[in-house]
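Data block below; observations after.
The values are calculated or read from the model by the stated rules, or taken from the named source; none is laboratory data. Predicted model only: the values in this text are computed from it and were never measured. Here the Cβ is made from the backbone with ideal geometry for all residues, glycine too, and neighbour counts use every protein chain on show. Just the protein is used for accessible areas: all its heavy atoms, side chains included, with ligands, DNA and RNA removed. Shrake-Rupley method; radii C 1.70, N 1.55, O 1.52, S 1.80 Å.
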Amino acid sequence: MSVVPMAPQVPLEIESRWDDAHAARLSPAELLLYRSNLLGSDKRITNFGGGNTSAKLREKDPLTGADADVLWVKGSGGDLGTMKLDGFSTLYMEKFRALEKFYKPGTDNDAVMVPLYAHCAFNLNPRAASIDTPLHGFIDRAHVDHMHPDALIAIAASADSKKLTEEIFG
């Protein structure tokens, strides 16, 4: 009689690497960076550089001193797992929301939208905003994270993706 070794059990959930004590010492922008680095450094969650994170934060306008709502979103390019604060694009939300009239669902918006992001830059930030910025700016949530996990990309790109999705996720 031969014994067939069992495959190791793979946890269904990914363990959290979040450290509450460390997070308690961070500013809102630093919390976004901390979250981004944790998500981006775990290749089970996203591929190299893949995904975007964002937060809508209150900042002091450097010109007027008044409070302004600012969208912090991962800038174009770079690696989410190793980026620093200067890897984020910062946009005035009021100006960014004015771009919604240019956004047409079901069309290639990039050619129209991307050149307009520079007109929304907060604090003269030169970092180019991601092409995924509308996903982050137009969703009515303070924090948005979207990742590009290789496993899900492989399922979605398969010829029988619908069948595979139903088998795996029900």
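Here are a few things to note about the model shown:
- Taking θ as phi - 60° and the Karplus parameters 6.51, -1.76 and 1.60, the scalar couplings of the range 114-125 work out to 4, x, 7, 4, 4, 6, 9, 4, 8, 6, 6, 5 Hz in sequence order, x denoting glycine and proline.
- Per residue, in Å², the accessible surface of the range 1-129 once ligands and nucleic acids are set aside, probe 1.4 Å: 64 Å²
- C-alpha long axis of helix 28-41 to longest principal axis of the chain, angle in °: 30 degrees
- Estimated [θ] at 222 nm from DSSP helical runs (n ≥ 4, -39500 (n - 2.57)) normalised by residues in the chain, nearest 500: -8000 deg cm²/dmol
- Derived scalar couplings between HN and Hα for the range 96-107 equal 4, 4, 5, 7, 4, 5, 8, 7, 10, x, x, 10 Hz in order, rounded to whole Hz, by the Karplus curve 6.51 cos²θ - 1.76 cosθ + 1.60 (θ = phi - 60°), x for Gly and Pro.
- Non-local Lys pairs in the chain, i.e. 8 or more apart or on different chains, that have alpha carbons under 26 Å apart: 19
- The calculated P(r) of the chain, using every Cα pair and 10 Å bins from 0, goes 9, 31, 31, 18, 6, 3, 1, 0, 0 in percent.
- Portion, in percent, of the accessible area of the range 81-170 that falls on carbon or sulfur, probe 1.4 Å: 59 percent
- Label-zone membership for the range 20-61, site LEU152, 7 angstrom Cα→C-beta point, backbone N under 16 Å: 36, 39-54
- Over the range 96-170, the hull volume per residue, using the convex hull of the C-alpha atoms, is 146 Å³.
- HIS148 long-range amide H proximity, modeled H, under 5 Å: ASN47, GLY51
- Here the Karplus curve 6.51 cos²θ - 1.76 cosθ + 1.60, taken at θ = phi - 60°, turns the phi angles of the range 70-79 into couplings of 10, 8, 9, 9, 3, x, 5, x, x, 10 Hz, with x standing for Gly and Pro.
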